[in-house]
Amino acid sequence: LNGHSREEINPLFDDFYENDFIKLKLHTEIKQKARSVVSKAFEKGYDVVIATTPIIPLTAIQQRLDWADVGDFDYKLITSIENMRANKPHQYYYQQIFDFLNCHPEDCLMVGDEEKDIKASIFGCQTYLVPSNNSNLDVNSLQPTYQGPLEDLLNLIKKKK
């Protein structure tokens, strides 16, 4: 889209995310236990953040959360293209989240299924890897603090101190 201004292009992207993005839902599936895990984290008093790769707009991320049956929670923050200035696994991405939450990295647990999620440990976070086809960890990768299926994460979530 070389030679076009942001003002010219943005309406095209907005239209796509508002009208056509929903068609991708048929390629998704609800992860068993995801709703239970998110619900328990809220019940235990945690600030829950959706720390997704912020390359798409909030409307698209909200749709994806709805497709996963976890879109109705009152998240403290949902990272998106509108509110982040860096991307995973850049330190500034995580620092923006810590600053927003007014907390230290060691007080956080990053849950994800990709190596870039596990890289949060470089900055002091504990990490929980839910293995999937996206994981692609190798012997040179950082190792997660914890690893297992979502149902095991239910046992790890304790009452906030």
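The values are calculated or read from the model by the stated rules, or taken from the named source; none is laboratory data. Keep in mind that what you see is a predicted model, and the values were worked out from it rather than measured. Every residue, glycine among them, receives a Cβ derived from its backbone with ideal geometry; neighbour counts consider all protein chains shown. Surface areas here come from the heavy atoms of the whole protein model, side chains and all, with no ligands, DNA or RNA. Shrake-Rupley method; radii C 1.70, N 1.55, O 1.52, S 1.80 Å.
Measuring against 18 Å, Cα to Cα, the residue pairs 40/76; 44/76; 116/158 contain 116/158 as the ones spanning a longer distance.
Note on the chain: with a GNM built from Cα contacts shorter than 10 Å, the maximum mean-square fluctuation among 147, 32, 62 falls on 32. Which percent, to the nearest 5, of DSSP beta bridges fully inside the chain are antiparallel? Of the beta bridges lying entirely in the chain, close to 0 percent run antiparallel. Working from Cα pairs under 8 Å separated by at least six residues, relative contact order for the chain is 19 percent. Computed from backbone phi, the HN-Hα couplings of region 46-53 come to 7, 7, 9, 10, 8, 9, 8, 4 Hz, rounded to whole numbers (Karplus: 6.51 cos²θ - 1.76 cosθ + 1.60, θ = phi - 60°; Gly and Pro given as x). Annotation for region 1-46: GluC sites (Glu not before Pro) lying in DSSP loop with at most 14 further Cβ atoms inside 10 Å of their Cβ are 29. Of the solvent-accessible surface of region 1-72, computed with a 1.4 Å probe over protein heavy atoms with every protein chain present, carbon and sulfur atoms account for 52 percent. Summary value for region 1-75: 38 percent relative contact order, contacts being C-alpha pairs under 8 angstrom separated by 6+ residues. Expressed as a fraction of 2.2 N^0.38 Å, the C-alpha radius of gyration for region 24-81 is 1.12. The solvent-accessible area of residue 75, taken with every protein chain present and a 1.4 Å probe, is close to 20 Å². In a fully extended conformation the segment linking residue 58 and residue 86 would gain 8.6 nm over its present Cα-Cα distance, using 0.36 nm per residue. Sequence-ordered 3J(HN,Hα) estimates for region 131-142 from the Karplus curve with 6.51, -1.76 and 1.60 and θ = phi - 60° stand at x, 8, 5, 7, 4, 6, 7, 10, 4, 8, 6, 4 Hz, glycine and proline given as x. The H on the amide N of residue 127, modeled in the peptide plane, is under 5 Å from the matching H of 110, 145, 146, each at least 5 residues off or on a different chain. Taking the square roots of 5 times each eigenvalue of the Cα gyration tensor of region 47-122, largest first, gives ellipsoid semi-axes of 19, 13, 13 Å.
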